[in-house]
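Before any comments, here is the structure.
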Amino acid sequence: MERSEIIGWLVEDDPKRLRGLWALADRARREHVGNAVHLRGLIEVSNHCVRQCAYCGIRAGNRHLERYRMSEVEIIACVQEAVERGYGTVVMQAGEDPQITGPWMADVVGRIKRETPLAVTLSLGERSVEELRAWREAGADRYLLRFETSNRALYERLHPPLPGRRSDRVAQLAEMRALGYEVGSGVMVGLPGQTYEDLAQDLELFRDLPLDMIGIGPYIPHPHTPLGAAGVDPRTPNADSGQQVPNTELMGYKMVALARLVCPRANIPSTTALATVSGDASRQVGLERGANIVMPNLTPARYRVMYDIYPSKGRTQAVADGGDALIREGILALGREIGTGRGDSPRRLQAAGRTPGL
């Protein structure tokens, strides 16, 4: 797709025309990754973070948050639940926590790989090449690091780097790919100061990297952050030009659909953030508009409410609250099937001459 066509869809508000976009994305999903929806068990292992991102509730400066860090025993209990429920992958996510060291996480990953058939995805922030290599050698299969926005000035305004260190997430993604990881990234939609041109550039970067996984969600500032406390209206910075992207459910769906069209063989989740904005039913809508992954939350309830990256995040339906059954019912109601196995990258499988479970 040319940039002008991408922007045309991003600003489109005619429901009839948008139905055409949803149909195009759903057809591309069906043709390139099939009807299976893979379930990936999410484990939020720590809410400690050294970064000061301007909107995130687990930023280092948030003194209202009780902190936690899961033990290996607690993590393995969640992993065993993933196996019992038939998931093919566990996703271990955390803030950028320096106490999650290279050797410690390598031991956890190694144990998961020895004791289960699961694929392991890590999402632990910006890490050294040595840590990434150790985790890959221990058996980690995938790494997810969202670049959030391809607009460098906007990124630095919202994600200040650590002292003496420049953040370059695109370079980190290249390092991960060189180490053999399946690589995932993604963006937020509706960041203050974000334009439609920025989103079009984000989509082009998805394609150019290229990515095995793409995560997209609306910008939701936490109230105990500089942006959340200030009550910043995401539409304000570019209001006069009409170019400020709104942080709406609809814009999230547009980006999911367009990501499917520009990266047809990527794994794309229907995310928790969409469910937070619009309820659990929005996961099904995301699946109808290009997504093929859902990530049920396996984090124990006492920790889940503390992984408070945006308001009400910890109160979305979790596996322990009957969420697994609701997710499965929703998938089957769409005429889709529950994926089996690891749900490896369709892009990589096709490159290797293997059929990605179509």
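Tabulated data for the structure shown
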item	result
Per-bin percent of Cα-Cα distances, the stretch 72-156 [5 Å]	3, 14, 25, 23, 16, 10, 5, 4, 1, 0
Sites GLU72 and ALA23, calculated FRET efficiency, Cβ-Cβ separation with R0 41 Å, nearest 0.05	0.30
Contact order relative to length of the stretch 82-240, as percent, for alpha carbon pairs under 8 angstrom and 6 or more apart	19
Label-point gap, in nm, between ASP107 and ARG3 - each point 7 angstrom along Cα→Cβ	5.0
Only Lys, Arg (+1) and Asp, Glu (-1) charged, at Cβ; the chain dipole about Cα centre in debye	320
Loop-exposed trypsin sites (Lys or Arg not before Pro) per DSSP, neighbour cap 12 Cβ within 10 angstrom, longest uninterrupted part of the chain	167-353
Net dipole in debye of the stretch 137-192 [+1 Lys, Arg Cβ; -1 Asp, Glu Cβ; about Cα centre; nearest 20]	260
Mean Cα-pair separation over length for the stretch 1-83, i.e. relative contact order, pairs under 8 Å, 6 or more apart, %	20
Accessible surface of the chain [probe 1.4 Å, protein heavy atoms]: carbon and sulfur percent	50
Net +/- balance of residues flanking MET295 in space, Cβ distance below 10 Å, scoring K and R +1, D and E -1	+2
Mean separation of Cα contacts under 8 Å (6+ apart) over length of the chain, as relative contact order %	24
Length released on extending from ASN35 to LEU162, taking residue separation times 0.36 nm less the Cα-Cα span	41.5 nm
Accessible area (Å², per residue) of the chain, counting only protein heavy atoms and a probe of 1.4 Å	40
Three-way shape label, the chain, alpha-carbon gyration tensor, a/c 1.5	rounded
Span from the the stretch 1-47 Cα centroid across to the the stretch 72-109 one, whole angstrom	29
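The values are calculated or read from the model by the stated rules, or taken from the named source; none is laboratory data. Because the structure is a prediction, the values reported are computed rather than measured. We place every Cβ from the backbone using ideal geometry, glycine too, and count neighbours over all the protein chains shown. These accessible areas exclude ligands, DNA and RNA; they are computed on the full protein's heavy atoms, side chains included. Shrake-Rupley method; radii C 1.70, N 1.55, O 1.52, S 1.80 Å.
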